[in-house]
Amino acid sequence: MKSPFNRYLYIGFHLLGAYQTLFTRDYMQAAAALGIGLAFDPFNVEQIWNERPVWQKAVLIVNLALVAAMFGLGIGLYDR
(Lines give C-alpha, C1' and ligand atoms only; values in the text may rest on other atoms or scores of the structure.)
Protein backbone atom coordinates (compact mmCIF):
# COMPACT_ATOMS: atom_id res chain seq x y z
CA MET A 1 0.00 0.00 0.00
CA LYS A 2 1.74 3.13 -1.19
CA SER A 3 -0.32 6.06 -0.07
CA PRO A 4 0.79 9.47 -1.38
CA PHE A 5 -1.25 11.00 1.44
CA ASN A 6 1.30 9.75 4.00
CA ARG A 7 4.13 11.20 1.94
CA TYR A 8 2.44 14.61 1.78
CA LEU A 9 1.84 14.66 5.53
CA TYR A 10 5.43 13.58 6.18
CA ILE A 11 6.80 16.37 3.99
CA GLY A 12 4.34 18.88 5.44
CA PHE A 13 5.35 18.17 9.03
CA HIS A 14 9.02 18.38 8.05
CA LEU A 15 8.45 21.76 6.42
CA LEU A 16 6.62 22.91 9.55
CA GLY A 17 9.51 21.69 11.71
CA ALA A 18 12.02 23.48 9.49
CA TYR A 19 9.98 26.69 9.69
CA GLN A 20 9.77 26.46 13.48
CA THR A 21 13.49 25.81 13.72
CA LEU A 22 14.76 28.44 11.32
CA PHE A 23 12.33 31.32 11.68
CA THR A 24 10.59 31.12 15.08
CA ARG A 25 13.44 29.36 16.94
CA ASP A 26 10.89 27.25 18.82
CA TYR A 27 12.82 24.02 19.12
CA MET A 28 10.27 22.14 21.23
CA GLN A 29 7.52 22.72 18.67
CA ALA A 30 9.96 21.73 15.92
CA ALA A 31 10.69 18.48 17.76
CA ALA A 32 6.96 17.83 18.07
CA ALA A 33 6.34 18.49 14.37
CA LEU A 34 9.24 16.27 13.28
CA GLY A 35 8.11 13.55 15.69
CA ILE A 36 4.56 13.64 14.36
CA GLY A 37 6.03 13.45 10.87
CA LEU A 38 7.57 10.11 11.81
CA ALA A 39 4.08 8.69 12.35
CA PHE A 40 3.41 9.18 8.63
CA ASP A 41 5.94 6.77 7.14
CA PRO A 42 6.55 7.98 3.55
CA PHE A 43 7.63 4.53 2.40
CA ASN A 44 5.68 1.30 2.02
CA VAL A 45 4.04 0.82 5.41
CA GLU A 46 3.32 -2.86 4.80
CA GLN A 47 7.02 -3.67 4.39
CA ILE A 48 8.63 -4.89 7.60
CA TRP A 49 11.75 -3.19 8.97
CA ASN A 50 14.17 -6.01 8.13
CA GLU A 51 13.13 -6.04 4.46
CA ARG A 52 13.54 -2.28 3.91
CA PRO A 53 16.52 -0.96 1.94
CA VAL A 54 19.33 0.57 3.95
CA TRP A 55 18.68 4.08 2.62
CA GLN A 56 15.05 3.99 3.89
CA LYS A 57 16.24 2.90 7.32
CA ALA A 58 18.85 5.67 7.28
CA VAL A 59 16.24 8.32 6.42
CA LEU A 60 14.01 7.28 9.31
CA ILE A 61 16.90 7.02 11.79
CA VAL A 62 18.23 10.45 10.79
CA ASN A 63 14.72 11.81 11.26
CA LEU A 64 14.61 10.32 14.75
CA ALA A 65 18.03 11.83 15.50
CA LEU A 66 16.71 15.25 14.42
CA VAL A 67 13.78 14.88 16.78
CA ALA A 68 16.15 14.05 19.63
CA ALA A 69 18.45 16.96 18.73
CA MET A 70 15.59 19.46 18.61
CA PHE A 71 14.25 18.14 21.91
CA GLY A 72 17.67 18.38 23.54
CA LEU A 73 18.22 21.86 22.13
CA GLY A 74 14.82 22.96 23.40
CA ILE A 75 15.48 21.58 26.87
CA GLY A 76 19.00 23.02 26.98
CA LEU A 77 18.12 26.51 25.83
CA TYR A 78 14.97 26.93 27.88
CA ASP A 79 16.25 25.39 31.12
CA ARG A 80 15.91 28.29 33.50
(request) Report, in debye and to the nearest 20, how large the dipole of the chain comes out about its Cα centre when Lys and Arg carry +1 and Asp and Glu carry -1 on their Cβ. (result) 120 debye
(request) For residue 15 and residue 64, calculate 0.36 nm times their separation in residues minus their Cα-Cα distance, and state this gained length in nm to one decimal. (result) 16.1 nm
(message) Ordering 26, 41, 79 by accessible area with a probe of 1.4 Å, largest first, what comes out?
(response) 79, 26, 41
(request) At a 1.4 Å probe radius, which order do 49, 55 fall into by accessible area, largest first? (result) 55, 49
(message) If DNA, RNA and ligands are ignored and the probe is 1.4 Å, what is the ranking of 77, 60 by accessible area, most exposed first?
(response) 77, 60
(message) So for the chain, averaging the separation of alpha carbon pairs under 8 Å that are six or more residues apart and normalising by length, what relative contact order in percent results?
(response) 36 percent
(request) Select from 54, 62, 45 the residue whose mean-square fluctuation is largest in a Gaussian network model of the chain (Cα-Cα springs shorter than 10 Å). (result) 54
(message) Quick check on the chain: helices-only [θ] at 222 nm, where DSSP H runs of length 4 and up contribute -39,500 (n - 2.57) each and the sum goes over total residues. Nearest 500, please.
(response) -24000 deg cm²/dmol
(message) Heavy atoms of the protein only, probe of 1.4 Å, neighbouring chains included. What is the accessible area of residue 78 in Å², nearest 10?
(response) 110 Å²
(request) Give the accessible area for residue 28 in Å² (nearest 10); use a 1.4 Å probe, count only protein heavy atoms, and leave out ligands, DNA and RNA. (result) 70 Å²
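The values are calculated or read from the model by the stated rules, or taken from the named source; none is laboratory data. Not measured: the values here are computed from a predicted model. For neighbour counting, all protein chains shown are included, and Cβ atoms are generated from backbone atoms with ideal geometry for every residue, glycine included. Protein only, heavy atoms only, side chains kept; ligands, DNA and RNA dropped before computing areas. Shrake-Rupley method; radii C 1.70, N 1.55, O 1.52, S 1.80 Å.
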